[in-house]
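Comments concern the structure below.
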Amino acid sequence: MLFFRLVGICMFVALTSTQLLATTAEELEQAASKGKTVFLLVTEPTVSGTEAAREMARTAGEQVRKSTVIELNRVDQANATLVTKYRLTAAPVPLILVIARNGAIAGGLPAASVTSEQLVKMVPTAKKAEVLKAVQDGQSVLITAASKKMPKETSMSSACAAACSQMQGKCTSISINLDDDDELPFLNELKINPQSKEPVTVVVNAQGQVTGSFAGAVEVGNLVQAATKKAGGCCGGGSSSSCSPKKK
């Protein structure tokens, strides 16, 4: 019996040591593989306010299903690649980034100017996360919101597919079900009426700018034109990000 206890203790210590030695990059990869939202606390050893920021991130995490808090020490050379990737070199710290379940950056603010409630609101819906990821990968996005019972839904999907084909891999098409209550916050952000009687297509260019909104049928050429032009608006994440069309 003693032998098995010792083996169990050794295994526990080995597992704990492995977890402690996991790098921030590995922790982020593990979170993404498990479909977890990440509240990433960016700090450095000498900065003040870290404990309060840590508690704020934990509080936000408690309100979001399948989430975790991960810390990133900006001055640790092991995190240099992440610091460059997330452009954290000159960012004020402590900083809290919200990373969606698919790895897309949904937003972030200095801990001193954000609340746990605001962090929770930054967590994107599943479809918004898809849009953010596509934009952050350098693609334009054609977002079609429709109900499955709409007669034009299939033709709109075909038009979007044809437009993306013309853009040779620099475009992706994403569909949103108007009947999906979980997507209501994103539909509202896009200024799409969930009670719409016909499909609505919103175009976001590769810079994250909303460049077009079409109700009903639309020509492939118009979709391509909208997807390749620059305009105001932003869908790239951050506290003030918006995927909604600008009012004319």
Any hit, the stretch 175-186, residues being aliphatic (A, V, I, L, M) and assigned to a strand (DSSP E or B): yes
Residue match in the stretch 136-144 (condition: within 19 Å of LEU97 (Cβ to Cβ) and not acidic (Asp, Glu)): yes
Matching residues in the stretch 132-184 - criterion: being surrounded by 13 or more Cβ atoms within 10 Å (Cβ to Cβ) and β-branched (Val, Ile, Thr): VAL135, VAL141, ILE143, THR144, THR172, ILE174, ILE176
Which numbered condition ALA60 misses (of (1) under 13 Å from the mean Cα position of the chain (by Cα); (2) not in a loop (DSSP other than H, G, I, E, B)): (1)
Any hit, the stretch 164-185, residues being modelled with pLDDT under 90 and closer than 19 Å to VAL131 by Cβ: yes
Number of positions in the stretch 185-200 that are surrounded by fewer than 16 Cβ atoms within 10 Å (Cβ to Cβ) and of a type in the set (Lys, Arg): 1
Wholly enclosed helices (runs of 4 or more DSSP H) of the stretch 68-139 bearing at least 3 residues touching a residue at least 40 places away in the same chain (Cβ under 8 Å): 116-122, 126-136
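The values are calculated or read from the model by the stated rules, or taken from the named source; none is laboratory data. Computed from a prediction, not measured in an experiment: that's the story for all the values here. Cβ: placed from backbone, ideal geometry, glycine included. Neighbour counts: every protein chain shown.
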